[in-house]
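The values are calculated or read from the model by the stated rules, or taken from the named source; none is laboratory data. Note that this is a predicted model, so its numbers are computed, not measured. Every residue, glycine among them, receives a Cβ derived from its backbone with ideal geometry; neighbour counts consider all protein chains shown.
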Amino acid sequence: MAAVAWAAVTVTSARGAGTDSFALSYVAVRLGLIALYDRVWLHVPEVRRETGIYLVGFSTDVALWVASIFVPDSLRTPLWVLGGIAELVTPVIGWRALGDAAVTERHPPGGADGSVHAHSHRGSGGRA
């Protein structure tokens, strides 16, 4: 939440003096998501290949945003656009890899406490 608040505070100066701060806040938010996908990748081997797609795509986005801090202003926006494209394309590729298992109508076991369970519904067409 702190990273989201940081992004909200710095968004108004994203095209001015606060460009680096905004980019870093965006990176912090995305690193939180990447950490969650990494946790699944480590603990749920049944979806490791699919989770890897998200890790690569979202990490590409973050790398482009980090790079934007070190380039001239004229290259910053193109890097953000490329990062945005990676951000948009990643779920499309991920959902295709998941196929019918991308959506399940059944609530996965556990979850409310943030726990990860190595439980697969591969045979029934869904995943926890």
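Quick look at the values:
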| quantity | calculated |
| --- | --- |
| Among (1) among the hydrophobic types (A, V, I, L, M, F, W, C); (2) more than 25 Å from Ala5 (Cα to Cα); (3) without any contact (Cβ under 8 Å) to a residue 24 or more places away in the chain - the single one Leu82 does not satisfy | (2) |
| Flag for Thr104 being modelled with pLDDT of 90 or more and of a type in the set (Val, Ile, Thr) | no |
| Among residues of the range 23-51, those that are within 14 Å of Pro91 (Cβ to Cβ) and more than 9 Å from the chain's Cα centre (by Cα), counted | 2 |
| Counted residues, the range 31-55 - those being without any contact (Cβ under 8 Å) to a residue 12 or more places away in the chain and either surrounded by 14 or more Cβ atoms within 10 Å (Cβ to Cβ) or closer than 18 Å to Leu98 by Cα (or both) | 4 |
| All positions within the range 57-69 that are within 14 Å of Ile85 (Cβ to Cβ) and hydrophobic (A, V, I, L, M, F, W, C) | Phe58, Val62, Ala63, Leu64, Trp65 |
